[in-house]
1. Quick test for you: out of Gly116, Gly91, Gly106, Gly95, pick the one residue that is more than 21 Å from Lys181 (Cα to Cα) and under 14 Å from the mean Cα position of the chain (by Cα).
2. Looking at segment 197-204, is at least one residue farther than 26 Å from Gly91 by Cβ and modelled with pLDDT of 95 or more?
3. Select from segment 138-167 the residues that are charged (D, E, K, R) and at pLDDT 95 or above and write down the one among them that is farthest from Pro205 (Cα to Cα).
4. Which of the following residues is surrounded by 17 or more Cβ atoms within 10 Å (Cβ to Cβ) and more than 21 Å from Arg28 (Cβ to Cβ): Ala191, Ala165, Ala161?
5. Please verify whether segment 116-131 includes one or more residues that are in contact with a Cys (Cβ under 9 Å, 6 or more places away or on another chain) and surrounded by fewer than 23 Cβ atoms within 10 Å (Cβ to Cβ).
Amino acid sequence: MIWWVWSAIALVAVGGFAYWRSGARTRRREQRKIRRAITTCLTDDVAALEADLHQLEYDLGGRYHYPEVRRPYDRVVSSIASARRSIAKLGDLEGAYQVTETLAEGRYTLACVRAGIEDEPLPERRLPCFFNPQHGPSATDVLWTSYGDREVQVPACAADATRIAAGEKPDSREVWTGWRKVPYWDAAPPAFLWYSTGYFGGDWPASPADVALAVNYCLIGPVPRMSADGTIVHPLLFEDEDTEIDGGDG
């Protein structure tokens, strides 16, 4: 009778191994799909920045030789080249953060080129437009409904701020997640967080700290922080709504 016991065990083992192999193939297939989606987003963002730079060249003329124009122009070109190199050698999807951080800096520098061409003051180092970082640095902050129908202040370009004030939808950056197109902040796979948060990870001192925190809240949800007295505050958006949790002595 022993033979059928071993036969049953072998069948279960073979079936379990086949199920594991099938699950592993599915996971690898989904990971490849997400990688392609993020790579496509990054490539599109680089192409958009390059196209906007070329569009400015019609107004550039001899002003390229002015230091206040030539220096930022060359930095934009450098940002584009750097982003392309990073995409080409993208390993872990965490590398998407560096690419979008580079593109955000390129967008700000492009705004500096435009200011030099138009003899305008340099733009403030404000956070990129939340609704579409391709719009470049924000011009103001607007109320936006995020998780749990909570209204928060997020940075917006002048055009999107006007749309929201008129009750219209902003011109959102939509991304293909491998299944459908959604606003980038609603992209479901967690890997997309590396893509989205990189745009807001640079040094943007002209934007209030609570607005930067609100952007993180919109992208990744409430983030706890440690207060000066060692208590954990979660979330920090409105002081009268903070919930403090004793952090303990350890």
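1. Values: Gly116 fails: under 14 Å from the mean Cα position of the chain (by Cα); Gly91 fails: under 14 Å from the mean Cα position of the chain (by Cα); Gly106 fails: under 14 Å from the mean Cα position of the chain (by Cα).
Residue meeting the stated conditions: Gly95.
2. Filtering segment 197-204 down to residues farther than 26 Å from Gly91 by Cβ leaves 204.
Then keep just the ones that are modelled with pLDDT of 95 or more; that gives 204.
Among the residues of segment 197-204, at least one is farther than 26 Å from Gly91 by Cβ and modelled with pLDDT of 95 or more, which makes the answer yes.
3. First, pick out the residues of segment 138-167 that are charged (D, E, K, R): 141, 149-151, 160, 163.
From what's left, at pLDDT 95 or above: 141, 160, 163.
Details: Asp141: 14, Asp160: 21, Arg163: 26 Å.
Among them, the one singled out is Arg163.
4. Ala161
5. Narrowing segment 116-131 to residues in contact with a Cys (Cβ under 9 Å, 6 or more places away or on another chain): 122-123, 128-131.
Cutting the leftovers down to surrounded by fewer than 23 Cβ atoms within 10 Å (Cβ to Cβ) gives us 122-123.
Yes, segment 116-131 has at least one match.
The values are calculated or read from the model by the stated rules, or taken from the named source; none is laboratory data. All values reported here derive from a predicted model rather than from experimental measurement. Glycine gets a Cβ as well: all are built from the backbone with ideal geometry, and neighbour counts include every protein chain shown.
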